[in-house]
Structures are given as C-alpha cells and as structure tokens.
Amino acid sequence: MAISARALHLGIEIGGTKLQLGLGHGDGTILALQRRRIDPDRGAEGILTQILETFNVLLADHGSARDEIAAIGVGFGGPVDANRGIILKSHQVAGWDGFPLADWASERLGISRVFVQNDADTAGLGEALHGAGIGVSPILYVTIGSGIGGGLILDGRIYRGGGMGAMEIGHLWVVERTSCDKDVVKLEDIASGWAITRAARNVAERRGRDDLGNPWLVLQLVDGDPARINPAVVAEAARLGDQEASLILGKAVTAMASALNQAVTLLAPRRIVLGGGVSLIGEEQWFRPIRALLEIHVFPPLRGTFDLVAASLGETVVVHGALTLARSLT
C-alpha cells in the first residue's frame with residue numbers, strides 16, 4: 001500500500017542526555033514535540049520507559065491516534081546496524097549493546113515501519129533536506145558536542161559505507177602540537193566539547209591564582225566554580241585576551257580544520273555544515289579560523305569547490321532528520 005506524502009510520522013532522538021519525540025510529515029515542519037532529560041544511571045531500560053510515556057503524551061498533545069502514524073524514524077547516539085535496526089553500542093548509557101530497537105518500537109508502539117540510524121547521520125539528513133544544505137550535494141555534516149560525529153549525504157540519502165556506518169570523523173587521528181613536542185590523538189580528544197572543558201579544568205586546577213592573587217580569567221567567569229566551565233566560557237576568555245584559553249581553543253580549531261582537510265581530500269563535498277554545541281562559539285572564534293586553515297592546507301585542486309556554514313535547525317535537527325528518514329523509506 002502506498003503511503004501518502006502527507007502521512008504522519010514519528011521522529012525520535014535518543015542521545016546520552018536528551019530524548020526528543022516529534023510528529024510531522026517529514027517536510028521540514030514539526031507539528032508537535034516533546035523533550036525529556038535522560039538519566040544515564042537508569043540505563044537503556046529507563047530511556048525505553050520514557051519513550052513509552054512520552055509517546056502517549058505526544059499523541060494526546062497533538063490529538064492524534066497511533067494508527068495515524070505511518071512510520072517511525074530514530075536517530076540514535078551511537079553506532080547502529082541500520083539494516084537490522086539494532087543498536088551496537090552507546091558510549092554514554094549502559095544497556096544498549098545489541099538491542100533490537102526497531103523490533104521493540106514496532107511491538108511496543110504499534111507501528112510496523114521503524115527505521116534506525118546513527119544520530120549524526122540523521123541530523124545530516126535533516127540539514128541537507130531542510131536546513132543549511134538545501135539544494136546542495138554532497139553535504140558533509142559534522143556535529144561537535146560532547147563528542148564528534150559526522151554524516152555524508154549524497155543526493156538526499158545517507159551514505160552508510162559497508163552497512164555499519166561511515167563518516168566517524170571524531171575518530172580520525174590528528175596531530176596535537178605543544179610548545180616543545182607533538183602527539184597524535186583522536187579528534188574527539190582535543191576538539192569535542194568534553195575535551196575543551198577537560199583541558200580548561202586541568203588548567204584551572206594547575207594554575208590557581210596569579211602573582212597578584214587573582215584567579216584565572218576562566219575561573220572568574222564562572223565565579224570560581226570549575227564545574228561550570230564549558231567551551232563557551234573558554235571562548236569568552238579567549239575573546240577577552242587570555243592566552244591559556246586561546247591556546248586551548250586554538251588547538252581545537254586546528255584539529256578540526258585538519259580533520260576536515262582530510263575529509264575534503266577524500267570526499268570532495270560541496271558544502272560542510274558544522275553543528276553541535278561547540279559550533280555555537282560562533283563565526284569569529286570557530287568558523288572563520290577553521291575556514292582560514294582549510295584555505296591554506298586543503299588539496300589545491302579542491303580549493304574553492306566547497307563552503308563551510310553553520311547548521312540551521314538547532315536542537316531539533318535530529319528529529320527533523322528522523323521524520324525525513326521515516327518519510328523517505330515508506
């Protein structure tokens with residue numbers, strides 16, 4: 001039976017700290033949305049319980065019945081076997097290893113068509129078709145948050161490689177340069193939000209106060225509480241001229257540009273879209289310096305064949321992608 005283009009779909013985002021469920025037609029508009037905070041200590045079972053509860057609230061909020069929903073798309077925060085709808089692993093929440101999420105959702109939510117993808121791939125699909133990548137292909141999408149993930153979208157379709165995913169850009173090896181040496185590290189370990197925060201907290205612990213008895217500027221910005229340090233605070237300190245903060249942020253920028261340079265050399269995308277919380281640092285301290293380094297180091301024949309822009313769909317990007325996934329595969 002053919003599915004109407006105006007059929008109702010359910011999009012689900014399952015992250016390490018956030019759960020979102022949305023209803024829509026997969027056309028770039030979310031008709032109803034419910035967001036919940038995840039408690040990682042409750043494991044996968046806790047999230048599954050939240051999905052069931054939130055689904056009922058979502059239907060009631062929109063005034064819909066479950067038999068009106070044609071398909072479900074899921075963007076999951078970790079590697080998946082998309083062909084079988086199985087979660088391979090979550091790096092944030094225990095209990096997901098080998099879990100048959102598509103079968104579970106079909107049985108417990110009462111909707112037969114369920115499609116599961118990695119959340120970065122799903123977000124990339126959303127941005128490609130409804131956000132910063134409209135009308136352009138190929139799109140290389142990279143999300144820089146607590147971790148770093150990526151997706152390659154070719155003519156509106158997710159590239160999955162041999163079937164277990166592709167564009168795991170956060171696991172590329174990059175060179176980290178220090179004042180007297182250099183090391184090779186994973187991109188996530190230097191440019192993710194978690195890595196930037198960790199580096200700043202380490203400096204805060206080491207430096208304490210300066211010769212005049214003043215705390216480090218980053219600590220001043222968070223009223224002396226290291227637990228409140230995050231990439232935005234580091235970026236603000238760098239903007240105000242703090243050398244240590246500038247060094248931390250500069251290493252992240254350099255590593256990100258290096259990884260993107262490798263990706264451009266291999267994939268030759270038409271557009272690179274950067275999203276995630278770290279990218280909210282903004283144009284002056286994130287996008288512009290990354291572009292400048294790419295311009296210098298990119299494979300010369302590819303210079304000028306691509307651009308780099310900010311993602312545009314915000315916190316609901318994975319839900320948009322999940323709805324689009326559900327629509328495109330029915």
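A count restricted to the range 17-50 and to residues that are crowded, with 17+ Cβ neighbours inside 10 Å, in contact (Cβ under 8 Å) with a residue 40 or more places away in the chain, within 22 Å of the chain's Cα centre (by Cα) and not in a strand (DSSP E or B) stands at 5. If you go through the range 79-124 and keep only what is crowded, with 24+ Cβ neighbours inside 10 Å and of a type in the set (Ser, Thr, Tyr), you end up with just Thr122. I'd like to check something: does the range 84-100 contain any residue that is within 22 Å of Gly149 (Cα to Cα) and of a type in the set (Lys, Arg)? Yes, some residue in the range 84-100 is within 22 Å of Gly149 (Cα to Cα) and of a type in the set (Lys, Arg).
From the list Ala70, Ala44, Ala60, Ala65, the one residue that fits, being touching a Phe, Trp or Tyr at 6+ places or on another chain (Cβ under 7 Å) and either closer than 16 Å to Glu107 by Cα or in the same structural domain as Asp121 (by TED's automatic domain parsing) (or both), is Ala44. Across the range 213-229, the number of residues qualifying as in a loop (DSSP other than H, G, I, E, B) and under 17 Å from Ala199 (Cα atoms) comes to 5.
Rundown of residues vs (1) polar (S, T, N, Q); (2) touching a residue at least 12 places away in the same chain (Cβ under 8 Å); (3) under 28 Å from Pro226 (Cβ atoms); (4) assigned to a helix (DSSP H, G or I), yes/no style:
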| position | (1), (2), (3), (4) |
| --- | --- |
| Val253 | no, yes, yes, yes |
| Ile272 | no, yes, no, no |
| Val278 | no, yes, yes, yes |
| Glu284 | no, yes, yes, yes |
| Leu308 | no, yes, no, no |
| Gly321 | no, yes, no, yes |
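The values are calculated or read from the model by the stated rules, or taken from the named source; none is laboratory data. Just so it is clear, the structure is predicted and the values come from calculations on it, not from any experiment. As a convention, Cβ positions derive from the backbone with ideal geometry for all residues, glycine included, and neighbour counts pool all protein chains shown.
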